[in-house]
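Q: Below: one structure in structure tokens.
The numbers here are math on the coordinates, done by the rules we state, and not lab data. Keep in mind it's a predicted model, so treat the numbers as computed, not measured. Note: ideal-geometry Cβ built from the backbone for every residue, glycine included; neighbour counts use all protein chains shown.
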Amino acid sequence: MHARTLTCVGALLAFATACAPVATTPALVDAPARDATYTMDDFARVAKFDAHVHANTTQRAFLDQATADGFELLTINVDYPVFPSIEDQRTAALALAKADPARLHWAATFPMDGFPAPQWRSSVAQAIDAAAEEGALAVKIWKNVGMIEKDADGRLVMLDHPALSPVAEQVRARGLALIGHQGEPHNCWLPLEQMTTDNDREYFRNHPQYHMYLHPEEPSYEDHMAVRDRFVAAHPQLRFVGAHMASLEYDVDRLGAFLDRFPNASVDLAARMSQVQYQSVRDRERVRRFFIRYQDRIVYGTDLTQGPDADPAEFARTAHEVWTSDWRYLATGESQRVDMIDADVPGLALPREVIDRIYFANARRVFVRDGG
Ligand SMILES: [Zn+2]
């Protein structure tokens with residue numbers, strides 16, 4: 001089941017190519033509404049923050065495109081075997097942060113090798129202390145906790161394992177946020193014909209061993225959500241950021257209920273925009289209301305990943321395409337074709353102040369601690 005972890009990056013590549021706008025139409029909005037929203041012309045000049053990227057190289061293409069497009073970045077280190085080693089990811093993050101400390105922020109992570117032995121705990125404690133000293137803003141716990149890592153008895157290590165609690169408390173005590181990625185998209189537990197996006201359907205058709213619908217012996221979707229909720233409830237002072245819309249991407253109302261229940265939680269949008277668009281082509285107002293109601297709890301993120309072997313110019317083009325496509329959808333009323341859900345998707349035309357929060361102020365508050 002474990003190479004299923006490739007979904008994240010695979011989905012991103014599909015997203016990057018599938019979401020390039022091929023045609024746009026002006027929105028039918030009245031003049032006052034248009035004045036209250038941004039346009040495509042505002043894209044580069046408005047301050048923005050992509051709070052979920054992976055800059056896994058010291059090459060500067062990511063930083064340069066972010067500069068051109070007006071983004072600060074949070075590059076997140078992950079305990080992910082397909083990525084460079086955690087040490088190499090950290091080295092890249094520190095080099096980029098040194099090159100442009102105002103624009104490039106980073107989140108650390110830790111390995112699970114040796115869990116939960118005392119040596120593991122002490123080396124993780126040292127790593128978190130060092131990361132805090134080196135300017136990390138957060139610590140990431142990836143879905144290997146819950147889906148891959150096993151204890152000495154061969155049982156999956158879940159996020160609410162008692163040995164992870166001191167780690168969470170240390171993250172909190174050091175003033176860092178904790179980014180949690182638990183489970184998979186809801187589609188992973190559905191039959192292929194019920195999946196909502198083509199990238200998930202194609203991936204799980206080609207990799208049935210990772211398609212949890214076919215593996216009822218593994219933890220269920222609801223098991224993963226319940227474990228995560230217990231963890232967040234157990235650490236009410238921890239600033240918890242649910243990566244990928246806290247894996248509740250399939251239902252904005254359910255995600256709203258999660259945010260209502262846990263005032264210490266925020267969510268990022270990384271690699272799940274098509275799931276939001278799937279919902280908004282069916283009920284635009286429901287999705288629009290979600291963003292407006294939870295405008296203080298949502299941080300923009302993409303999951304854009306620059307690996308060491310990526311062609312810098314090609315990567316920069318992809319980043320710009322993803323960023324402008326998302327801006328077109330969230331900030332304007334323009335429509336665009338989204339192949340992944342086989343639909344023309346009208347933009348949400350969110351009010352400027354909502355865009356300013358989702359795209360910038362929330363990430364600064366949650367991660368950089370502007371305004372406490
Ligand atoms: Zn990611």
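Q: Please state which one of A68, A131, A92 is away from the ligand (no atom under 16 Å from the Cβ), among the hydrophobic types (A, V, I, L, M, F, W, C) and more than 25 Å from W327 (Cβ to Cβ).
A: A131
Q: Out of region 37-80, which residues are touching a Pro at 6+ places or on another chain (Cβ under 7 Å) and within 17 Å of Y329 (Cβ to Cβ)?
A: Residue satisfying the conditions is T37 alone.
Q: Moving on to the next point. Scan region 306-334 and report the pairs whose first residue is surrounded by fewer than 16 Cβ atoms within 10 Å (Cβ to Cβ) and whose second residue is assigned to a loop (DSSP other than H, G, I, E, B), with Cβ atoms within less than 7 Å and a gap of 6+ or a chain change.
A: So the pair list comes out as G307/N56; G307/T57; P308/N56; P308/T57; P308/P84; P312/Q59.
Q: Can you tell me which residue within region 47-61, out of those that are part of a loop (DSSP other than H, G, I, E, B) and within 21 Å of the chain's Cα centre (by Cα), is farthest from the ligand (Cβ to nearest atom)?
A: Among them, the one singled out is A47.
Q: So which of R172, R103 is over 22 Å from N264 (Cα atoms) and not β-branched (V, I, T)?
A: Checking each option against the conditions leaves just R103.
Q: Moving on to the next point. Across region 313-368, what is the number of residues that are of a type in the set (G, A, S) and touching a helix residue (DSSP H, G or I) at 6+ places or on another chain (Cβ under 6 Å)?
A: 5
Q: Which residues, counting only those in region 64-93, are small (G, A, S) and either within 21 Å of A319 (Cα to Cα) or touching a residue at least 12 places away in the same chain (Cβ under 8 Å) (or both)?
A: Answer for region 64-93, where residues must be small (G, A, S) and either within 21 Å of A319 (Cα to Cα) or touching a residue at least 12 places away in the same chain (Cβ under 8 Å) (or both): A66, A68, G70, A92, A93.
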